[in-house]
Every structure is written in C-alpha cells, then in structure tokens.
Amino acid sequence: MTSAHHSRKSPLPDCELRQRDSEVSTCAGREQVVLVGLDDTEYRMCPAHAAALWLTDPTLRFSAKTRPEGISAVMGHAFGGGGGRQ
C-alpha cells in the first residue's frame, strides 16, 4: 500500500492542459466532454475541441461520464449550432 496523496479534484481537460503552453484560450463552453478511443484512452475536453476531434476521428465514442448537455454542446459545435450556451 502506498501513502501517495491523490487529488480529489477532477483532472483538467486535455485541451486546457495544451492551452497552458500557448497561453491563448481557444476553448468554447464549460461543459466537460469525455471521448474514448478504441484502446479505452479517455480524452477530456471542452465541447468545441471535442467536436473537432470527434469529426476527424470516427473511432471515438462518447463516454458515459459525459452528461447529455455536453453531448448536445458537441453536436451544436460539430453541426453549426455553436453549442447553445456561450
């Protein structure tokens, strides 16, 4: 048994982690989306980034961890609705 302390905070979305390097926010929306690849790798991101990734990689699927509002926001971004909430 280890005594390592694990944070109880949710992990940062992948797109937020990448933005820290560029210091320019390109995320749209606050709803967190979890996409899952064929190898069960999870990608956590905002709806705008999830829409772009989902449209370019047909192997990705939405995780059950993604709330219906998050999926709706992705579909809005993917198909021109902008996700509704801004």
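I need the full set of residues from segment 32-41 which are modelled with pLDDT of 90 or more and either closer than 14 Å to residue 72 by Cα or touching a helix residue (DSSP H, G or I) at 6+ places or on another chain (Cβ under 9 Å) (or both), in order please.
Within segment 32-41, 33, 34, 35 qualify.
Out of curiosity, is residue 57 at positive phi and modelled with pLDDT of 90 or more?
Here the answer is no, as residue 57 does not meet what is asked.
Looking only at residues in segment 55-74 that are charged (D, E, K, R) and outside any loop (DSSP other than H, G, I, E, B), which one is most open to solvent (accessible area, probe 1.4 Å)?
61
The values are calculated or read from the model by the stated rules, or taken from the named source; none is laboratory data. Since the structure is predicted, the reported quantities are computational estimates derived from the model, not experimental observations. With ideal geometry, Cβ positions are generated from the backbone for all residues, glycine too; neighbour counts draw on all protein chains shown. SASA here: full protein model, heavy atoms, side chains in, ligands and nucleic acids out. Shrake-Rupley method; radii C 1.70, N 1.55, O 1.52, S 1.80 Å.
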